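*Asks:* Below: one structure in structure tokens.
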Amino acid sequence: MGTGLSNAQTGSVITSTIPAFMIIFGWLILKEPLDKVKIFSVLIAILGVVMIVGLKMTGTNVVLGVLLLILTAITWALMSVLIKKVKTYSSLQITIMSTVVAVVCLTPFILSDMSSLTSINFLEPKVIFSLLYIGGVSTAVAYVMWNKGLKVISASSSGLFYLIQPIVGSFLGWLLLGEQISVGFIIGSAMILASVWISVKFEDSDEEALASASNGI
């Protein structure tokens, strides 16, 4: 809804703030250190997203769209951080439970717009393939891997991997749709990848230092 009321570029830029909110929630809820390196990495990554997608504030109701997108970024970041506190369930179990809840919550919206479903030929091979890919690969598999990754590295570092999406999307647009690769894409991609590397490398250094200190004790 937020993207529909604004535009795709605005949606990409605002949702790129998810890592920033994950750092804040990780600090408040998980007591993760709020260090300057991770904050700097997030800022560089967000600038990288802006370089890739640009920023054009247009749409039918930009203010409402932006507010919905910000709310989306906050709730997604909070969900990702809270998953790290769930120790008794595997990433697969968490994905299954969240999917069931999502189906229940979305059913009323689907029932209110049944006309859009009746116009789709679900027996068409392209439709079947699309549903299997969206439901199986880009949703089920992606969520399981995301939830698994959240349990392996810190919330503040894992959020930066979310920003690789614009890079992959633009690359696939070039590969499959013949879209042009701009200089902004190359610079922005380098900024995002560098920010991810810096954050993860810094986290590894912290863990090694902590392990050395523990062994010394």
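*Asks:* From the phi angles alone, apply the Karplus equation (6.51, -1.76, 1.60; θ = phi - 60°) to the stretch 108-118 and give each ³J(HN,Hα) in whole Hz, x where the residue is Gly or Pro.
*Replies:* x, 5, 5, 5, 6, 9, 5, 4, 5, 7, 5
*Asks:* Per residue of the stretch 70-79, what does 6.51 cos²θ - 1.76 cosθ + 1.60 with θ = phi - 60° give for ³J(HN,Hα)? Whole Hz please, x for Gly and Pro, Karplus curve as stated.
*Replies:* Listing the rounded values in order: 5, 4, 4, 4, 5, 5, 5, 4, 5, 4 Hz.
*Asks:* Working from the pairwise distances between different alpha carbons, so that the mean of 1/r is found and then inverted, what is the stretch 2-216's Kirkwood radius in Å?
*Replies:* For the stretch 2-216, inverting the mean 1/r across all distinct Cα pairs yields 19.3 Å.
*Asks:* Can you list residues from other chains, or at least 5 along the same chain, whose modelled amide H is less than 5 Å from the amide H of SER154?
*Replies:* Amide H to amide H, under 5 Å and 5 or more residues apart or across chains, SER154 pairs with nothing.
Throughout, read-outs are computed from the coordinates displayed, never taken from laboratory work. Since this is a predicted model, take the numbers as computed values, not measurements.
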